[in-house]
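The values are calculated or read from the model by the stated rules, or taken from the named source; none is laboratory data. None of these values were measured; they are calculated from a predicted model. Glycine also receives a Cβ, built like all others from the backbone with ideal geometry; neighbour counts cover every protein chain displayed. Heavy atoms of the whole protein, side chains included, go into the accessibility calculation; ligands, DNA and RNA do not. Shrake-Rupley method; radii C 1.70, N 1.55, O 1.52, S 1.80 Å.
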Amino acid sequence: MDMEKLVSLCKRRGFIFPSSEIYGGLNGFWDYGPLGVELKRNIKDAWWRDNIQARDDMVGLDCSIIMNPKVWEASGHVAGFSDPMVDCRETQERYRADQLYVFRYDLGDHAGQTPRLLDVALTGATSADARAALDERITKLGNKNALPIKRKDLPEPTVVPYLELVAEDRARVLGPGALHAGTLTEPRAFNLMFKTSVGALESASSVAYLRPETAQGIFANFKNVVDTGRVKVPFGIAQIGKSFRNEITPRNFIFRSREFEQMEIEFFCRPDEAADWYAYWRKTRFQWYVDHGLASDKLRLRDHDPDELAFYSTATADIEYAFPFGVSELEGIAHRGNYDLSQHQKFSGKDLSYFDEERKERYIPHVIEPSAGADRATLAVLCEAYAEDEVGGEARTVLKFHPRFAPIKAAVFPLVKKDGMPELAEKIYRDLKRHFPVFLDEKGAIGRRYRRQDEAGTPIGITVDGQTLADGTVTFRDRDSLRQWRVPSAGVVQALRDRIEGAALPPEA
Ligand code: GAP
């Protein structure tokens, strides 16, 4: 699937627009249009319903975006929430140093060559991603006479993460996009938190931050919830909300943006039960995506290597999805020990321990954190749903959303604009509209109307036709199988509900 096609469909059909586009947009910010807002809301609602409302051991929270800045000192974000960044003096581009990979060509066999090493840097979430662009890059360098030897004489390169090079070697690297070596600056730490100022006077004491994650608001409210919520460990607190990160390289559409929404759970448990809860959430969260139509062969669970783990974490796994631009993180599930509550206890001076009535024991609960991105989930759902096929000899683009996520659940069409069909269609539309987001479309050839709805991902088309006038039934058409069947007008609400809830299609007539 071609990312450009998806981005253009999203724009054309009102799913996602560049933010403030009439002013030229702003890099890393996106707006959700009429269809996109419904899609994302459905994903968030499904997450909230399944992870909070349907369970006995979860409660919700909605805390402020700007909090006392001490929260971010305690969490480590003020001191450590930074990415190493390098700038290219030739192209003026900025890169995350931890996402630069250097392909090293040892030109030693070609005696007399200066330099002896050719180090070509490329960006990628992994070295394999970066390598995918290597051939094109070398061809471009060859075309611009920027290779020290003929392309065909280049040996096989080895690959080294940029940050593993010593400073002397970094100074010789050919930056991605550059024609001259040695134009990358030394990596500098760049704090990703957006700073703002609270109150009328700007001073050091008025500094505050837009939260870079929703998680810390949950920890900061742990005591409030325990004191008022009648909750008992093990239990979780969930929050959906905006987070802000001044990402160095926002990219891949809504995958990495500077303002995004997170769906986070902090699950508090007994220290000796934390490993089991970690295993439980790792499995449960993976299955949630599978149940909502993400193909299991495009999803993977990647356990972090011990050297990737934060010092307080005993285990972390990423749920990854094979996006068109590479396999990348959709959600992380982390076993965080009691690090967060201990830090907030230390910095706030408040006792955040918990008395376990059953065990007659006091302890600081351990935390399992499944942390998902609503925008990344939306992007994965869009990528998975996008398909091009042929219907009746005509090409169609279709978004095969899980019915729970589809922005519009059904479209109602009068076959022709006469014989009372528009009135009947309007009545069915009004009946349905009380229960679901539905759409009435009276204009154009029926085939074109179906295709417009296929492109919006509407699972069911309901047509009022000649037979409706005779026997009161309407045609239901399934977006994916194109199967058609008849439903009595009086039963359309239930019939649509059955489809949305995943009932099997009726047998072929
Ligand atoms: N509290 C833990 C935490 O925030 P994270 O891995 O930094 O962990 C969790 O973020 C999730 O938030 C990611 O898996 C991703 O889905 C989403 N996310 C993080 N940064 C993002 C960005 N710049 N744009 C869109 N989504 C992002």
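Here is how the numbers come out for the structure above:
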read-out	value
Top-ranked residue in segment 124-154 [being farther than 17 Å from Leu100 by Cα and among the polar types (S, T, N, Q); ranked as most open to solvent (accessible area, probe 1.4 Å)]	Asn145
Residues within segment 206-228 that are in a helix (DSSP H, G or I) and in contact (Cβ under 8 Å) with a residue 60 or more places away in the chain, tallied	10
Residues of segment 323-340 that turn out to be part of a strand (DSSP E or B), out of contact with any Phe, Trp or Tyr (no Cβ under 6 Å at 6 or more places or on another chain) and more than 15 Å from Phe286 (Cβ to Cβ), as a count	4
Candidate set: segment 302-346, residues that are over 23 Å from Phe255 (Cα atoms), of a type in the set (Asp, Glu) and without any contact (Cβ under 8 Å) to a residue 40 or more places away in the chain; chosen: the one least open to solvent (accessible area, probe 1.4 Å)	Asp305
Filter result for Val86 (within 30 Å of Gly182 (Cβ to Cβ), hydrophobic (A, V, I, L, M, F, W, C) and either open to solvent by 60 Å² or more (accessible area, probe 1.4 Å) or not in a loop (DSSP other than H, G, I, E, B) (or both))	yes
Test for Leu299: is it open to solvent by less than 50 Å² (accessible area, probe 1.4 Å), in contact (Cβ under 8 Å) with a residue 12 or more places away in the chain, closer than 30 Å to Arg404 by Cα and within 15 Å of the ligand (Cβ to nearest atom)	yes
Residues satisfying the stated conditions in segment 234-254, i.e. within 10 Å of the ligand (Cβ to nearest atom), open to solvent by 20 Å² or more (accessible area, probe 1.4 Å) and either closer than 20 Å to Ala46 by Cβ or among the polar types (S, T, N, Q) (or both)	Asn246, Asn252
Output for segment 435-483, where each listed residue is open to solvent by 60 Å² or more (accessible area, probe 1.4 Å) and in a strand (DSSP E or B)	Phe439
Qualifying residue in segment 212-220 (condition: away from the ligand (no atom under 16 Å from the Cβ) and open to solvent by less than 40 Å² (accessible area, probe 1.4 Å))	no
The lone exception for Val231 - which of (1) open to solvent by 50 Å² or more (accessible area, probe 1.4 Å); (2) in a loop (DSSP other than H, G, I, E, B) it fails	(1)
Pairs with Cβ under 6 Å, 6+ apart, first in segment 68-82 and crowded, with 20+ Cβ neighbours inside 10 Å, second of a type in the set (S, T, N, Q)	Val71/Gln216; Ala74/Gln343; Ser75/Gln216
Ala406 vs. criteria touching a residue at least 40 places away in the same chain (Cβ under 8 Å), assigned to a loop (DSSP other than H, G, I, E, B), more than 16 Å from the ligand (Cβ to nearest atom) and open to solvent by less than 30 Å² (accessible area, probe 1.4 Å)	yes
Arg359, sole failed condition from (1) in contact (Cβ under 8 Å) with a residue 40 or more places away in the chain; (2) over 22 Å from Tyr278 (Cα atoms); (3) open to solvent by 20 Å² or more (accessible area, probe 1.4 Å)	(2)
Exclusive hit being over 23 Å from the mean Cα position of the chain (by Cα), among the β-branched types (Val, Ile, Thr), more than 30 Å from Lys346 (Cβ to Cβ) and modelled with pLDDT under 95, set Val120, Val78, Val86	Val86
So Ile16, is it open to solvent by less than 50 Å² (accessible area, probe 1.4 Å) and over 21 Å from Phe325 (Cα atoms)	no
Residue among Ala121, Ala181 that is of a type in the set (Gly, Ala, Ser), buried (at least 16 other Cβ atoms within 10 Å of the Cβ), under 13 Å from Tyr105 (Cα atoms) and in contact (Cβ under 8 Å) with a residue 40 or more places away in the chain	Ala121
Enumeration of residues in segment 262-277 that are open to solvent by less than 20 Å² (accessible area, probe 1.4 Å) and either assigned to a helix (DSSP H, G or I) or within 13 Å of the ligand (Cβ to nearest atom) (or both)	Gln262, Met263, Glu264, Ile265, Glu266, Phe267, Ala274
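Residue by residue, here is whether (1) closer than 29 Å to Asp276 by Cβ; (2) open to solvent by 20 Å² or more (accessible area, probe 1.4 Å); (3) within 16 Å of the ligand (Cβ to nearest atom); (4) modelled with pLDDT of 95 or more holds:
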| site | (1), (2), (3), (4) |
| --- | --- |
| Ala377 | yes, no, yes, yes |
| Cys383 | no, no, yes, yes |
| Val391 | no, yes, no, no |
| Thr397 | no, yes, no, yes |
| Lys417 | no, yes, no, no |
| Tyr429 | no, yes, no, yes |
| Lys433 | no, yes, no, yes |
